[in-house]
Each structure stands twice: as structure tokens, then as C-alpha cells.
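Here is the structure we will look at.
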Amino acid sequence: MTRLELRPLPASISSSSKPRLSRPLRRSFSCADVFSAFLLVWLVTIPQSIVAQGQVPVEIRLPEITAEPGETILVPVTVSDLTGLGVLSSNLVIGYDARVVQSARVLYQGTLTEGWSHAERTLTPASQDSVGLMSIGVFTVESPAIGAGTFVYLEMTVDESALGESSPIVFDSAILNDRSPQAVALDGHLTIRASTPGDFNLDGNVDFTDFLQFAEHFGEGEADEGFDPRFDIDGNGQVGFEDFLVFASGFGQ
């Protein structure tokens, strides 16, 4: 029978050559390390409300505009650039003098909110018959509004007896989404005056801009498609030389 013998290790194998378990590395963290880690976590989880506070407010503007008695005009409600702001809804309340503006309604064709769902109504406080209020609500569940431009149009008809009168056109409130982004409302004004013959764009002057419009319609008659009676100054059914003489007499005024 073979016998197993246990022999001592040779002396040449010292304790220093035995394998050792490696000890875990230790590192001390400074206050700067802790602060940097905290700052990183805070930046990642920063509330959206804090981000929103840094946004530039959206400007919602009503124009300074003129009109004649009995005229129906389009009043654009314009906004600054909405791109990237996620605007999906808005509520506007616009006030005006109901003694000057006979009627008002909202139009959406050709605006940033064309195709959105909408609801509007005219309010006249019983205690203030001279005050007209138009409430406008719009929203979409699809793509948010992008770009700058006309948000909605107000179609206003001026009272026939309002010559020489004027009306403020002001925001009672202007809200986008749930007030984020913030909106800055800029009011407008409507002035009613008799037009000067030849002031076709109603800017108060008879100038080269009006001449270009007149020249475009010169020679047209009532039977022609696109005939515009504004340029038939003498009312004879033809935009002709007699109308040009009247226009020329007021040029530069």
C-alpha cells in the first residue's frame, strides 16, 4: 500500500511570496466634490417652472387703426414668436366702446390659430352700456402654434354716427396656456374720421402709396371684375381722368 507523506514547505518559499488579498481603495471627498455632485443633480431635476421664469414674455398686440363711419374693418391681434413655447390654448378678453363699434366678431382664416377649436361671445355689462367685451377662447390638441403673426382677427363695424369719435381697443385679459409662457398685452386704439379723397389706405396722407393703388385700378368700370368703388372718386361708375384730377388735387395732404 502506498503511503502519503505530508512534508513541510521548503524554506525557500517565504511568507512574502504568498498571495495576499488586495485591500479596497479608500478616497476622501472634499466639500467641493460634494457641492459639485449636488449642483449636477439640481440641474438635472430643476423644475420647469423655474425654467419658464427665464423665458421672454410673449407680446400680444392690438393696433392703432383708423376707419370711416359705417365701415367694417379687420383688426389683427398679433403675437411675437411662439416657436418652441408649446402654446396650445389661449383666452383673450378684449374691450371697446360699444357706442363707436356697432358690432364685432372673430375671424380665424389666415391666422396662426386657423383650424383650432374656438368659442367666443360678446359681453356687455348691464351697468356699463358703453362697454363692449369680446371673449375669445381657442385651443388645439395637435401641434402647438409656431412663428409670429396674426393670432386672430376682430371684424368690427363702425357706427354710422361715430364721425370724430374714437374707441380704445384694450385687453381685459390675455392668457396663453395656463399662464406659461407669460403674455404682455399691448393695447390699441380706433379713430373714426372722414376719409380724404385719395387716401385709399387711410393712413391720413395722400401720397405715392395711394397713387400706386389708384394706378392699379385706373380704367376699370363697374362691369369689370375687381372693380373697387373707392377709386371711383366722383362716383360715375368709371375710374378715369376726372378721378385722377381729384386725386391730384389732394396729393401731398
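The values are calculated or read from the model by the stated rules, or taken from the named source; none is laboratory data. In this text, all values refer to a predicted model and were calculated from it rather than measured experimentally. Here Cβ is always computed from backbone atoms with ideal geometry, including for glycine, and neighbour counts include all displayed protein chains.
Results, tabulated for the structure shown:
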item	result
Search result, residues across the range 189-211 that are under 19 Å from Ile169 (Cβ atoms) and hydroxyl-bearing (Ser, Thr, Tyr)	Thr191
Residues located in the range 56-77, provided they are more than 15 Å from Asp203 (Cα to Cα), surrounded by fewer than 18 Cβ atoms within 10 Å (Cβ to Cβ) and of a type in the set (Val, Ile, Thr)	Val56, Thr72
Some residue of the range 189-212 being surrounded by 15 or more Cβ atoms within 10 Å (Cβ to Cβ), assigned to a strand (DSSP E or B) and among the small types (Gly, Ala, Ser)	no
Where Val138 falls short, out of the listed (1) touching a residue at least 60 places away in the same chain (Cβ under 8 Å); (2) in contact with a strand residue (DSSP E or B) (Cβ under 7 Å, 6 or more places away or on another chain)	(1)
Hey, Arg105 of a type outside the set (A, V, I, L, M, F, W, C) and either at pLDDT 95 or above or in a strand (DSSP E or B) (or both) or not	yes
Some residue of the range 76-85 being touching a Ser or Thr at 6+ places or on another chain (Cβ under 8 Å) and not in a strand (DSSP E or B)	no
